[in-house]
Amino acid sequence: MKLNVKDYKNNEIIRILREYSSMTQKELASKLSKNVRTVQRYESGEANINLELVREICALCDLTITIESKIKQKNQQPKQ
């Protein structure tokens, strides 16, 4: 699964990852040791989501997260 986070709001990403893994909110909450209401708040945008939470959810869903930079390194810039 390849997901461009720029195309989604943070709360949508949590829901997409959970649904992709065929988990209910209750199952995800249990695996995260969180309350179901907390997962509902993540998905509705009521609670803040950080990168560590996304990484943890990816690990639980057996997915990997890759962060790509669009900034080229000095030695990768085209010669003029």
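Worth a mention:
- Of all residues in segment 19-28, those that are open to solvent by 90 Å² or more (accessible area, probe 1.4 Å), of a type outside the set (F, W, Y) and closer than 17 Å to Y8 by Cβ total 1.
- Complete set of residues in segment 31-52 that are in a helix (DSSP H, G or I), among the hydrophobic types (A, V, I, L, M, F, W, C) and free of Cβ contacts under 8 Å to residues at least 12 places away in the same chain: V36, L51
- All conditions in (1) modelled with pLDDT under 90; (2) surrounded by 10 or more Cβ atoms within 10 Å (Cβ to Cβ); (3) out of contact with any Cys (no Cβ under 8 Å at 6 or more places or on another chain); (4) not in a helix (DSSP H, G or I) hold for C58, with the sole exception of (4).
- The number of residues in segment 29-76 that are over 18 Å from K9 (Cβ atoms) and touching a helix residue (DSSP H, G or I) at 6+ places or on another chain (Cβ under 7 Å) comes to 10.
- Selection from segment 4-21 of residues that are of a type outside the set (F, W, Y) and not in a helix (DSSP H, G or I): N4, K9, S21
- Residues of segment 6-18 classified as among the acidic types (D, E) and open to solvent by 100 Å² or more (accessible area, probe 1.4 Å), total: 1
The values are calculated or read from the model by the stated rules, or taken from the named source; none is laboratory data. The structure displayed is predicted, hence computed values, not measured ones. All Cβ positions, even for glycine, are placed from backbone atoms using ideal geometry, and neighbour counts span all protein chains on display. Ligands, DNA and RNA are excluded from the accessible area calculation, which covers all protein heavy atoms including side chains. Shrake-Rupley method; radii C 1.70, N 1.55, O 1.52, S 1.80 Å.
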